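Presented below is the structure to which this report refers.
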Amino acid sequence: MTQMHIAVQTDDFDVAKEYAHLRENNSQDGAIVFFSGLVREMNQGHGVTGLFLEHYPSMTEKSLQNIAQQASERWPLTHIRIIHRIGQLQVSDQIVFVATSSAHRESAFASCHFIMDYLKNQAPFWKKETREEGDEWVAALEKDETALEKWQEKGEK
Amino acid sequence: MIKVLFFAQLKELLQCSQIELSINAPCDVDSLKQQIVNEHPNWQAHLNQNKVLAAVNQTMVDATHLINDGDEVAFFPPVTGG
C-alpha cells in the first residue's frame with residue numbers, strides 16, 4: 001500500500017520538512033527521490049518577472065490522485081508526495097514538489113520522472129507569465145506531450 | 001441542464017467562465033461544441049481550435065465521449081503546470 005499525500009496550495013513548502021515526512025517511521029525504504037520545479041527568469045526567449053497559476057479546482061486533486069495511483073500500480077512505492085502551488089508566484093519561487101520513496105533507487109527515480117511527465121500533460125494547471133511587454137499565457141510544448149511516449153512503450157517495473 | 005466551464009486563455013477569449021444549457025442527452029463532446037457555437041457564433045474560432053481539451057465530470061475525455069444530463073463539462077487549452 002502506497003501512502004499518498006497530495007496538496008494544491010497557495011502557500012510555499014519546505015523541502016526539508018517534506019523529506020523528513022518521507023523518512024518518518026520508515027525502515028523499509030532504501031531510496032527517496034524528489035523533484036522541485038522553480039520559476040525561472042527566462043522562458044521561451046522572454047524575460048519573466050512572475051507567474052500566475054490558474055487551475056480547475058474540483059479536477060486538480062482528482063487528476064493528481066489518478067497519476068499517483070498509476071505510479072503506485074507500476075512501481076513498488078512506499079510514499080508519494082505531490083505539492084503544487086497556485087496563485088501569484090515570483091521569479092525563483094518553488095512551484096511544484098514531487099517525491100517518491102521505495103526499497104530501491106530504480107523505482108524511486110523512474111516513478112518520480114513518470115509523475116512529473118504526466119502532471120505536465122494531464123493536471124489542469126495553466127501558467128500566465130508576467131513579462132515586461134505584458135502578461136501572456138504560456139504555450140504548451142510538444143516535448144512535454146512526446147515525453148509520455150516513453151512510458152507507454154515500455155512496461156517498466 | 002449541464003454546466004460548462006472554461007479556463008485560462010479560453011476563458012479570457014470567450015470572456016466567459018461558465019454557462020448552463022439544456023442538451024438532448026446523451027450527446028458527444030463535438031455535438032455539444034457545435035450546440036454552443038450555434039448559440040454563440042463569435043466563439044467558433046476559439047472553441048473549435050483543435051488543441052482545446054475537454055473534461056467531463058473532472059476527467060479528461062476525447063471528442064466522442066457521451067455527455068449526460070447533470071454532467072459538468074469543461075473546455076480548456078493544453079495544460080502548462082509543473
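For the stretch A:74-157, the helices (runs of 4 or more DSSP H) that sit wholly inside it and include 2 or more residues that are touching a residue at least 40 places away in the same chain (Cβ under 8 Å) are A:105-122.
Taken over the stretch B:67-79, the criterion of being part of a strand (DSSP E or B), within 13 Å of chain A (Cβ to nearest Cβ) and buried (at least 20 other Cβ atoms within 10 Å of the Cβ) is satisfied by B:Val73, B:Ala74, B:Phe75, B:Phe76. Would you mind telling me which numbered condition in (1) on the phi < 0 side of the Ramachandran plot; (2) over 10 Å from the mean Cα position of the chain (by Cα); (3) aliphatic (A, V, I, L, M) B:Ile36 fails? In the conditions (1) on the phi < 0 side of the Ramachandran plot; (2) over 10 Å from the mean Cα position of the chain (by Cα); (3) aliphatic (A, V, I, L, M), B:Ile36 misses (2) alone.
Residue-by-condition table, conditions (1) modelled with pLDDT under 95; (2) assigned to a helix (DSSP H, G or I); (3) open to solvent by 30 Å² or more (accessible area, probe 1.4 Å):
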| site | (1), (2), (3) |
| --- | --- |
| B:Leu5 | no, no, no |
| B:Ala25 | yes, no, yes |
| B:Ser31 | no, yes, yes |
| B:Gly81 | no, no, no |
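Residues in the stretch A:51-105 that are among the small types (Gly, Ala, Ser) and either surrounded by 16 or more Cβ atoms within 10 Å (Cβ to Cβ) or within 12 Å of chain B (Cβ to nearest Cβ) (or both): A:Ser58, A:Ser63, A:Ala68, A:Ala71, A:Ser72, A:Ala99, A:Ser101, A:Ser102.
Conditions tested, residue by residue: (1) farther than 24 Å from A:Gln65 by Cβ; (2) more than 14 Å from chain A (Cβ to nearest Cβ); (3) surrounded by fewer than 16 Cβ atoms within 10 Å (Cβ to Cβ); (4) at pLDDT 95 or above.
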| position | (1), (2), (3), (4) |
| --- | --- |
| B:Gln9 | yes, no, no, yes |
| B:Asn38 | yes, yes, yes, yes |
| B:Asn42 | yes, yes, yes, yes |
| B:Gln49 | yes, no, yes, no |
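The values are calculated or read from the model by the stated rules, or taken from the named source; none is laboratory data. Model, not experiment: these values are computed from the prediction. Counting neighbours? That spans all protein chains shown, and the Cβs are built from the backbone with ideal geometry, glycine included. Ligands, DNA and RNA are stripped out before the accessible areas are found, and what is left, the full protein with its side chains, is counted by its heavy atoms. Shrake-Rupley method; radii C 1.70, N 1.55, O 1.52, S 1.80 Å.
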